[in-house]
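Enquirer: Provided herewith is a single structure, encoded as structure tokens, for subsequent inquiry.
What follows draws every value from the coordinates through simple rules; no lab data is involved. Because the structure is predicted, anything quoted here is derived from the model rather than measured. Note that each Cβ is placed from the backbone with ideal geometry, even for glycine, and that neighbours are counted across all protein chains shown.
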Amino acid sequence: MNTRIKADTFKDCRGVGCPMNLVYAKVELSKLKPGQILEIILDDGAPINNVPGSAEREGHTIREKTKLDDGNWSVLIEKA
């Protein structure tokens, strides 16, 4: 059985286009303390290709990326 990292907060961005999903990720991360985890749900395609890389460029750490059964992605981002 997988041991999942526990997220401190959650944002569902299914159906949210770029760049708004990145904006939502930034807003949620701004509410967290360093070391806390945001779980964000992203669509396949441009969102999963863009949001994690943007978060990493801002100094955050991608702790986990998991493809969900519905084809979307769960991404765990640790705030820098």
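Enquirer: Return the pairs, sorted by first residue and then second, in which the second residue is basic (Lys, Arg), the first residue lies in the range 40-52 and is touching a residue at least 12 places away in the same chain (Cβ under 8 Å), the beta carbons are less than 7 Å apart, and the residues are 6+ apart or on different chains.
Expert: From residues that are touching a residue at least 12 places away in the same chain (Cβ under 8 Å), the pairs are ILE40/LYS11; ILE41/ARG14; ASP43/ARG14; PRO52/LYS65.
Enquirer: Considering the range 8-44 alone, what residues qualify as being within 16 Å of LEU68 (Cα to Cα) and either under 10 Å from the mean Cα position of the chain (by Cα) or assigned to a helix (DSSP H, G or I) (or both)?
Expert: If the condition is that a residue be within 16 Å of LEU68 (Cα to Cα) and either under 10 Å from the mean Cα position of the chain (by Cα) or assigned to a helix (DSSP H, G or I) (or both), then PHE10, LYS11, ASP12, CYS13, GLU39, ILE40, ILE41, LEU42 are the ones that fit.
Enquirer: Name the single residue that is nearest to ARG63 (Cα to Cα) among those in the range 1-38 being surrounded by 15 or more Cβ atoms within 10 Å (Cβ to Cβ) and small (Gly, Ala, Ser).
Expert: ALA7
Enquirer: Which residues, counting only those in the range 3-62, are of a type in the set (Gly, Ala, Ser) and over 15 Å from ALA80 (Cβ atoms)?
Expert: ALA7, GLY15, GLY17, GLY45, ALA46, listed by residue number.
Enquirer: Also, quick follow-up: For the range 45-65, which positions are loosely packed, with under 13 Cβ neighbours inside 10 Å and within 11 Å of the chain's Cα centre (by Cα)?
Expert: GLY53
Enquirer: Pairs, please: C-beta under 8 Å, at least 6 apart or cross-chain, first residue touching a residue at least 40 places away in the same chain (Cβ under 8 Å) and in the range 22-33, second basic (Lys, Arg)?
Expert: ALA25/LYS11; LEU29/LYS79; LEU32/LYS79; LYS33/LYS79
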